[in-house]
Every structure is written in structure tokens, then in C-alpha cells.
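First the structure, in the form of C-alpha cells, and then the observations on it.
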Amino acid sequence: MEFVQELSILDTYPLRHFRWPNGFQAMLVRNPVAPVLAYLTHYTVGSATETPQQRGLAHFFEHMMFRETATLRDGDFDRIVAEMGGVGLNAFTSYDTTAYHVNVPSPALEAVMRLEADRMVNLRLSPELIERERGAVLGEMHMYEDMPSEQHWNAIMAHAFPAHPYRHPIIGYSEQVAAFADADFRAFYRHHYAPNRALVVIAGDFDEAGTLALLERYYGDLPAGEGPPPPVPPDAPPQAAQRVELAHEKVSSDSLSIAARTPGLTHADMPALNLLSALLTAGQSSPLYRAIVLEGLGTAVSTTVMDSDFMLASPGLFLIDVSVQHGVRAEEAEETVHAELARLRREGIAQDDVTRAVNQLRLGLYVSVRTNMALARQVGGFALACGDPRYPERMLAQLSALTADDLQDVLQRYLLEPPMLTVIQRPARAGAA
């Protein structure tokens, strides 16, 4: 075992990072306020690491990992966790990672660790269980495929990323999932589930020496698998503006998204882009809230910087989303958004608004780590996305030095100069094909 580094999260939570010869990594984050802990296992497999022949397998394994192993029958995992007092047992698949998580009383640490190490290498992929889970996954996929929000989001990603695998839905495509053979599941598991593809984050109350001994016992001798894939190169910058119009019978008013490409988590402009996002839409005094919601053009307006909000390993998007007021066309809201951005560039941004946005981001960071699980997700997610578990607070430390001129600069270079993607979803007209 190798000690990698020691950090402090928000000068409150000590973090120690360890690595084993087989490539397994663990981060231990101390928060002894109560005898409980969060146990989270990140794997470096998500929809972006799938090959074209594997779309949907990462999400499928999010389900399969709760089934049988060589020592556990179907249903035992959930039962044992419940008996130890565990809560919040679940998992999620993202573009770059899949994570499995649970909160348990501190005395249950060894029991949950035994379960997690077991399913890392001993998952049983019987044809009967695969077919049972395939039916559940296909049912979930068909439900999502009929949701207006999924149609809208998938259109954004497919057009914003013409070549990068972020363009594909995280859950994959139902026709591919229906056709996977048993050998496809076995090969995917062997390739992606191994100690050198895993980062375990334990956050809460634990004894470090005892925890390290347990990690050595349960993970230290597991055989390494293939290494993580190299990062996917970002798409070339768009050369022309794009417009996409959708129709869905389950919506009663228009919705609008305007998307601009971002440079990635480690780029020097990322703090200013996150601050600009907060300035534009956080709170009722923000410029776009006043121009859109208070003027009756929309019921809500928001901005998202995907790189930091989704903890992406590759560059993402700066998104402006408007829920358009019933009876108002999306084009009216779109024109107002662009006019307001141009006005801010022309007339300038008030330093008071910059200060307000900095304070909102600072508050958001402290709120975002108020539980052990939230702390574990943030630490592990950013460690894998950009190699820095303290990324949010390092970014926050840079915000106070930013000026209104800095924000106007990124406004110009990212939201006014480059070609944008605009996606509009409307109610389907009666009788339309």
C-alpha cells in the first residue's frame, strides 16, 4: 500500500488517499460527528467508455451488480445491507463513471466492505438473471424514451457532440440492450470491473488503521484487470449555429435550451464560467430571471455548467434553459436571452452582482457537502474527473479575484462569439404525423 496524499476538505474534513499495487485506490475522509459513514465505490466506466457495440451495458451493470455473486443468492445483498442498518443503498451511471453507494453505521464497515469487494470480482452472470434484469431495464428505457425531458436532453447532447460519446444516452438504446448476448455481459464485466478501475471513498466516523487493514484484506490481493481507457479527444469547435425543433404530445408549452461549448474542468476560464452562470440566473435579482420570469416570458430560467455540475472528464456545455410561459413562443424568450447577454456585454456587469454571485457559490459549496454521502460523491467524482478532490473549493478560492471585466470577457468569448446550439421543444399539434 502506498500513501498518496493528505488534504483537508474545507479546512474541516481530513482526507487521506492511498493506492495499492494492484491499482486499487481509497480515499478516507474523516467526519466523526456521529458513528455512521458513507461507503461509495466509483468505477471508471460510464456511457462514454462504451464501444459502439456496447451502448447501454454500463447502465445495465448498475442493475446487475445487485444480483448474485459466487457466494450470495439473488436478494441477499439488499437483505444483508438492511440487516446491518444500511440506508440509501443505490447506484448511478454517468457519462464517465458508475458509482455504488450506501450509508451504514460505523460498526458495519467490514460487512459492507466484504460485500463490495465480493461483487467487484465474483458477480454471477447467469442467463436466467440476465433475462430477468433485461426485462426490467427495457421497461425503464421505454419509460424514459416517452418522457419529454429525455427527448429534449438527448437532442441537446446528440447535436452538441457530433463525434464524442457524450452524444449517446447514458441508458443506451433499447434495440441494442434487447440484442446483447450472454458473452457480451461477461466480456464487459471482465474488462471494466476490477480493483484498478475502482476508487472507494469512505466518509464519516471510522478508525483509520483498522480501515486500512480491512481494505488490505478485502481488496489488496484482488487481481488487476485492464487499465482505464484514455480520455476521448473533444469534438472540434462548431463552425455554424444549429437549430433543432422537437414536438411532444405530453407538453403544453414550449421549452428552450441554448448551449455553448465549454473548455473542460482544468481550463483557466472555468471559475469565471461558473461565476457567470450564478450571476445570470441565481436568485430573483439575477438578469435573466428579471428579463424572463418577471417579464412573463417563462416560468423558470436556469444555467448549468456541465463540466462542474456533472463532474465530466471531457469538456461539456454551458446551458441556458427556459421553461416558456404557456401561450408564449420560445422564440420570444430566445430573443430576450440573447438581447440580455448583449446588454450585459455592452453596458457592463455591476460589481455588486459579482459579489452576490460569489456569495451564492460559496454557500452552495458548503451546502453541497452537508452529508457524508454528498462529501464522498464530490471528493470521488472530482478526483476521477480531473485528479483534484478539492476542485470545488480551489475554484471557489479563485472567484474572489475575478472582476466584472473578467466575466464580460468570458461572456463574449463563450456566449456571444461562438456559434450556439438552440433546441426548442413544442407541444405536438393535433393530427400531426
Exercise. Taking the residues in segment 413-433 that are among the charged types (D, E, K, R) and modelled with pLDDT under 95 as candidates, determine which candidate is nearest to Pro237 (Cα to Cα).
Key: Glu417
Quiz prompt | Residue, surrounded by the most Cβ atoms within 10 Å (Cβ to Cβ), within segment 234-253, restricted to residues that are of a type in the set (Gly, Ala, Ser) and either part of a loop (DSSP other than H, G, I, E, B) or in contact with a His (Cβ under 8 Å, 6 or more places away or on another chain) (or both) | solution = Ser253
Exercise. Show the residue pairs that are 6+ apart or on different chains and have beta-carbon atoms under 8 Å apart, the first residue being within segment 404-419 and free of Cβ contacts under 8 Å to residues at least 60 places away in the same chain and of a type in the set (Ser, Thr, Tyr), the second being outside any helix (DSSP H, G or I) and crowded, with 18+ Cβ neighbours inside 10 Å.
Key: none
Quiz item: Quick one: is Leu256 outside any strand (DSSP E or B) and either under 18 Å from the mean Cα position of the chain (by Cα) or surrounded by 18 or more Cβ atoms within 10 Å (Cβ to Cβ) (or both)?
Solution: no
Practice problem: Would you check if there is a residue in segment 340-362 being in a loop (DSSP other than H, G, I, E, B) and under 18 Å from the mean Cα position of the chain (by Cα)? | Solution: no
Quiz prompt | Selected residue [closer than 23 Å to Arg186 by Cβ, assigned by TED's automatic domain parsing to the domain that holds Ala34 and modelled with pLDDT under 95] from Ala99, Ala136 | solution = Ala136
Quiz item: Looking at segment 58-96, which of its residues are outside any helix (DSSP H, G or I), among the aliphatic types (A, V, I, L, M) and either buried (at least 22 other Cβ atoms within 10 Å of the Cβ) or at pLDDT below 95 (or both)?
Solution: Ala70
Quiz item: Taking segment 62-85 as the region of interest, how many residues are out of contact with any Asp or Glu (no Cβ under 9 Å at 6 or more places or on another chain) and more than 25 Å from Leu37 (Cα to Cα)?
Solution: 1
Quiz item: Got at least one residue in segment 105-124 being buried (at least 16 other Cβ atoms within 10 Å of the Cβ), in contact with a Gly (Cβ under 6 Å, 6 or more places away or on another chain) and at negative phi?
Solution: yes
Quiz item: Is it the case that Thr41 is buried (at least 19 other Cβ atoms within 10 Å of the Cβ), of a type in the set (Val, Ile, Thr) and closer than 21 Å to Leu199 by Cα?
Solution: yes
Quiz item: Looking at (1) in contact (Cβ under 8 Å) with a residue 60 or more places away in the chain; (2) more than 28 Å from the chain's Cα centre (by Cα), which is the one condition that is false for Glu334?
Solution: (2)
Quiz prompt | Hits in segment 393-405 - residues which are within 17 Å of Leu344 (Cβ to Cβ) and within 27 Å of the chain's Cα centre (by Cα) | solution = Leu402
Quiz item: When you go through Ala342, Ala313, Ala350 one by one, which is the residue that is over 30 Å from Arg167 (Cα atoms), in the same structural domain as Arg413 (by TED's automatic domain parsing) and in contact with a helix residue (DSSP H, G or I) (Cβ under 9 Å, 6 or more places away or on another chain)?
Solution: Ala350
Exercise. At least 2 residues that are within 21 Å of Glu393 (Cα to Cα) and modelled with pLDDT under 95 in each: list the strands (runs of 3 or more DSSP E) lying fully within segment 1-57 that qualify.
Key: 2-9
Quiz item: So is Tyr166 surrounded by 19 or more Cβ atoms within 10 Å (Cβ to Cβ), touching a residue at least 12 places away in the same chain (Cβ under 8 Å) and closer than 16 Å to Glu50 by Cα or not?
Solution: yes
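The values are calculated or read from the model by the stated rules, or taken from the named source; none is laboratory data. This structure is a prediction, so every number in the text was calculated from the model and none was measured. Every residue, glycine as well, gets a Cβ built from its backbone with ideal geometry; the counts of neighbours run over all protein chains shown.
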